[in-house]
């Protein structure tokens, strides 16, 4: 099968997704006009066999790579300016695969107002590897470090779906005991995070601290508390769970821990004071408390719950 | 051997290299103040076995990854603001390797005034993969597309050393026929590009077009001409060659084509008018000419020289 040359990849596959700052992908760098707002920059790399399955649909892989970055912008109260894509293609890539990858990327670039502004495409003897750097602008940067005792803690939506979706993909027995609808919902949430850019403005105006939940609620909350030199009390019974997540946990109660400590939620963890209330489907799940001890998780009987590990770690 | 945890990699290995915008690498994103100058953003990914050898010294790998990006900033007339690092570590990484990698990175971050402002570290089942995104500010962005008929064409320094250094590494017979000094010079220029940030200010003030020469002088000149809708005449006898490059070409005259079309020079190709003269060791090598045909390369007898391929292509 004939394949695109390097120049064709740039001119035919990626230039159509490019914004003005990309200069048609015909220069060495992107050019952004002087910025009157604070600039927010984030980068995330995803690797086949680690962050996704090599045979996942190419459009979904592209969207996931972009969305995990947009999720960081959202959590910081920023609106997207654009993104740069570094793509290392394994030996067996095809034009069809690349076209579908670019089509998925184009859909999201349009949907989220985040044009491609630069990149680099090369070959790898290893697995498909995608690094995206996203830039955004924020009227106010929402730090991890601003949480204060007395702040309410919210999550922007259901927790655990993605980690359970991964469990469903790995555990055929579990998958068989779930309805097709529940299975599809959980797997869909693993494949395709929903960056909460709809909340950027609210967060910039109201949040004292925020972060996106990428490595598990429990561990990411501990990080936010450490950054803010505070601790927290969480009512686990208030943590929102989708119907599908509840169905999975009803089958195997140990999956509750998977939901609370597993990664890939890409909902936002928010601390805010002064009676601010994050709009539904967000839920208030606890409170920031003075102190430096690890956060406390309480069950419905207000008994502390301890987890084997708080979050996903690569190493 | 015990290895750093993911949190230790961030806190102990990379946080010491971080600039203020990194927020101690304790947040989801970097925060840059509003920018009064144009913002220049570039990204390059390098992969073991493609862009470098897996057993190259880790500090040199780190420096090469950063410098290829700083070279793009230099060519655009920009001064560095900082960079983001995405690092995918293969299974066999060690703390010693990572410490040496970070030490090399720290040296260059200091030397070039380009602090680490964010990043992402993860695991890969494949080869070491490094994606860096560098940000800079430019009083004037120097495009590829601004070359005008009558402009002089300069290169900022010797051409071909890096491509010949790669040839020396691959060809033991050639290596044996060179002096140790010539061999070390060529291999050194392959391992460690010298980003010409010293020229940023001059380029912003004087260049009508510029790009860094990463894929070979001949091919990159063709790209600059296409972007500017012009062509060029090059006097090959004016192209500066190091003593070591001349020694290699004296052994095997076919290596002259390697020098002119091989990659990894990271010198800057410049078009400028109005009698502007790029300071030594830069050399004037030709002239921009009206027309859309490919550039013409003339030998010392003003006869056209044709190359088998103009530049390195991954695909």
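Within the option set A:79, A:100, A:163, being more than 9 Å from chain B (Cβ to nearest Cβ), over 24 Å from residue B:122 (Cα atoms), surrounded by 18 or more Cβ atoms within 10 Å (Cβ to Cβ) and in contact with a helix residue (DSSP H, G or I) (Cβ under 6 Å, 6 or more places away or on another chain) holds for one residue only, A:79. If the condition is being surrounded by 18 or more Cβ atoms within 10 Å (Cβ to Cβ) and either assigned to a helix (DSSP H, G or I) or facing another protein chain (nearest Cβ under 10 Å) (or both), then the stretch A:3-25 contributes A:4, A:9, A:10, A:13, A:14, A:17, A:21, A:22, A:23, A:25.
Of all residues in the stretch A:83-92, those that are in contact (Cβ under 8 Å) with a residue 40 or more places away in the chain, surrounded by fewer than 24 Cβ atoms within 10 Å (Cβ to Cβ) and more than 9 Å from chain B (Cβ to nearest Cβ) total 0.
A quick yes/no check of all residues on (1) touching a strand residue (DSSP E or B) at 6+ places or on another chain (Cβ under 8 Å); (2) part of a strand (DSSP E or B); (3) not assigned by TED's automatic domain parsing to the domain that holds residue A:175:
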residue: A:224; (1), (2), (3): yes, no, no
residue: A:227; (1), (2), (3): yes, no, no
residue: A:233; (1), (2), (3): yes, yes, no
residue: A:240; (1), (2), (3): yes, no, no
residue: A:245; (1), (2), (3): no, no, no
residue: A:249; (1), (2), (3): no, no, no
residue: A:257; (1), (2), (3): no, no, no
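Per this entry, residue B:73 is counted among residues that are in contact with a helix residue (DSSP H, G or I) (Cβ under 8 Å, 6 or more places away or on another chain), within 14 Å of chain A (Cβ to nearest Cβ) and within 23 Å of residue B:191 (Cβ to Cβ).
Residues are listed down the side, and each one gets a yes or a no for (1) under 22 Å from residue B:152 (Cα atoms); (2) within 14 Å of another protein chain (Cβ to nearest Cβ):
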| site | (1), (2) |
| --- | --- |
| B:261 | yes, no |
| B:267 | yes, yes |
| B:270 | yes, yes |
| B:278 | yes, no |
| B:287 | yes, no |
| B:291 | yes, no |
| B:309 | no, yes |
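Filtering B:183, B:169, B:196 for residues that are at negative phi, touching a helix residue (DSSP H, G or I) at 6+ places or on another chain (Cβ under 9 Å) and at pLDDT below 95 leaves a single hit, B:169. As a summary of the residue check, residue B:214 satisfies the conditions (1) over 18 Å from residue B:136 (Cα atoms); (2) within 14 Å of chain A (Cβ to nearest Cβ); (3) in a helix (DSSP H, G or I) except for the one numbered (3). Might you check whether a residue that is closer than 30 Å to residue A:46 by Cβ and buried (at least 24 other Cβ atoms within 10 Å of the Cβ) occurs anywhere in the stretch B:135-147? Looking through the stretch B:135-147, at least one residue is closer than 30 Å to residue A:46 by Cβ and buried (at least 24 other Cβ atoms within 10 Å of the Cβ). Residue-level analysis places residue B:220 among those that are touching a residue at least 40 places away in the same chain (Cβ under 8 Å), within 15 Å of the chain's Cα centre (by Cα), surrounded by 20 or more Cβ atoms within 10 Å (Cβ to Cβ) and part of a helix (DSSP H, G or I). The listed residues are A:28, A:44, A:72, A:56, and the only one of them that is surrounded by 24 or more Cβ atoms within 10 Å (Cβ to Cβ) and either part of a loop (DSSP other than H, G, I, E, B) or out of contact with any strand residue (DSSP E or B) (no Cβ under 9 Å at 6 or more places or on another chain) (or both) turns out to be A:28.
Whether a residue is buried (at least 24 other Cβ atoms within 10 Å of the Cβ), modelled with pLDDT of 95 or more, in contact with a helix residue (DSSP H, G or I) (Cβ under 8 Å, 6 or more places away or on another chain) and closer than 16 Å to residue B:105 by Cβ was assessed, and residue B:62 passes this test.
For the stretch A:26-61, filtered to residues that are within 9 Å of another protein chain (Cβ to nearest Cβ) and free of Cβ contacts under 8 Å to residues at least 60 places away in the same chain, the residue that is farthest from residue B:74 (Cα to Cα) is A:51. Would you pick out the residues in the stretch A:103-119 that are surrounded by fewer than 23 Cβ atoms within 10 Å (Cβ to Cβ) and within 14 Å of chain B (Cβ to nearest Cβ)? Selection gives A:115 alone.
The values are calculated or read from the model by the stated rules, or taken from the named source; none is laboratory data. Since we're looking at a predicted model, the values are computed, not measured. Cβ sites come from the backbone with ideal geometry, for glycine too, and all protein chains shown count toward neighbours.
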